[in-house]
1. State, to one decimal in nm², a quarter of the convex hull surface area for the C-alpha atoms of the chain, i.e. the direction-averaged projected area.
2. Show the residues, 5+ positions off or on another chain, whose built amide H is closer than 5 Å to the amide H of residue 188.
3. For a Förster distance of 51 Å, can you work out the FRET efficiency between the beta-carbons of residue 193 and residue 86, rounded to the nearest 0.05?
4. Rounded to the nearest 20 Debye, what is the dipole magnitude of segment 189-252 about its Cα centre when Lys and Arg each give +1 and Asp and Glu each give -1 at the C-beta?
5. Got a sec? Charge dipole of the chain, +1 on Cβ for Lys and Arg, -1 for Asp and Glu; which of 247, 81, 180 is way out at the positive end?
6. Out of segment 212-252, which chymotrypsin sites (Phe, Trp or Tyr not before Pro) are coil in DSSP terms and have no more than 16 other C-beta atoms within 10 Å?
7. Please report the base-10 log of the normalised intensity I(q)/I(0) for segment 115-248, using a Debye sum with one equal scatterer per alpha carbon and no solvent, at each q in 0.14, 0.18, 0.21 (1/Å).
8. Summing -39500 (n - 2.57) over the DSSP H runs of n ≥ 4 in the chain and dividing by its residue number, what mean residue ellipticity at 222 nm do you reach, to the nearest 500 deg cm²/dmol?
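Rule-based calculations on the coordinates, nothing more; no lab input. Bear in mind that the values here come from a model prediction, so they are computed numbers and not experimental data. Heads up, the Cβs are rebuilt from the backbone with ideal geometry, glycines too, and the neighbour counts pull from every protein chain shown.
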Amino acid sequence: MTAEWARHAADGVLLDGFHALKHALRFGARVPVAVTTDRLAVRELARSLAPDLLDVLDGLLREVPEATLRGLVPRAHPTGVAALALRSSAPDWDGAGDGVPGPGAGAGTQEGAPLVVLDNPRNLGNVGAVVRLAAGAGAAGVLTTGDLDPWHPAAVRAGAGLHFAVPVARRQVGRLPRRPLLAFDPEGDDLRSVPLPPGAMLAFGSERHGLTDALRARADHLVALPMRPQVSSYNLATSVAMALYHWMARPS
Ligand SMILES: C[S@@+](CC[C@H](N)C(=O)[O-])C[C@H]1O[C@@H](n2cnc3c(N)ncnc32)[C@H](O)[C@@H]1O
């Protein structure tokens with residue numbers, strides 16, 4: 001088992017815990033290796049939380065001693081489950097892409113769904129939280145500019161395995177898809193007064209410094225989320241949540 005883990009460790013994405021594995025499997029991730037310290041306990045968990053996956057998990061999970069799990073994942077998840085999945089690539093939105101859609105990529109998104117852009121995010125927890133939001137809201141994808149890898153294990157952990165439910169990729173500002181771009185900034189026009197073009201990109205700045213000059217130059221419109229005077233800004237992930245909810249709550 002450890003040999004099989006080692007074979008996939010370099011390019012595999014760590015799914016840390018039962019919930020990450022559950023989401024990844026539901027959205028079609030390819031999972032070559034999955035281990036647990038207690039198959040019976042996982043079966044019980046699956047019976048109540050993911051009966052749809054009982055058979056898949058039965059066939060996939062191998063039981064290993066706790067010491068083996070600790071050797072593979074130093075701080076293993078309390079559910080005692082860990083797996084490696086093959087990273088999926090983002091679709092070729094308009095010729096600026098990087099390959100074939102991965103499993104689950106784009107599934108469940110609606111025609112005209114927005115694409116979220118995080119402009120040079122610094123916090124991997126925020127990146128994962130935004131992937132989770134995008135997956136739940138049915139957004140078209142999450143793109144990040146800057147140097148952070150949105151598939152970093154800490155981002156995947158914060159995303160609860162939902163990187164497989166929505167396309168996630170890194171793309172610099174000059175290579176963003178050719179779509180209308182609304183950039184979020186407290187100094188912009190109130191979002192409630194600005195129509196959201198179908199398929200628009202919604203861009204959000206970094207936690208410390210806001211939007212980069214390059215992103216501002218590429219933006220078609222600066223928009224603001226309503227906020228009481230004297231409050232400077234919302235947290236990055238909560239800003240994305242408000243914007244996506246605004247899109248979800250639009251009159252049909
Ligand atoms: C924590 S804020 C960044 C604060 C940063 N100090 C700044 O100068 O903008 C992270 C991002 O969330 C978005 N954001 C936060 N509050 C917002 C608001 N009221 N209206 C629009 N966007 C907001 C923006 O995209 C911002 O760049």
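1. Values: hull surface 58.2 nm².
Averaging across all directions leaves 14.6 nm² for the Cα convex hull.
2. 224
3. On the way: r = 44 Å, r/R0 = 0.87.
The value I calculate is 0.70.
4. Values: 6 positive and 5 negative charges, 20 e Å.
That gives segment 189-252 a dipole magnitude of about 100 debye.
5. With unit charges placed on the Cβ atoms, the residue in question is 81.
6. On the way: sites: 234, 245, 247; in loops: 234.
Filter output for segment 212-252: 234.
7. Log10 I(q)/I(0), no solvent term: -0.55, -0.93, -1.30.
8. Values: 9 runs with 81 residues, N = 252.
Computed mean residue ellipticity for the chain: -9000 deg cm²/dmol.
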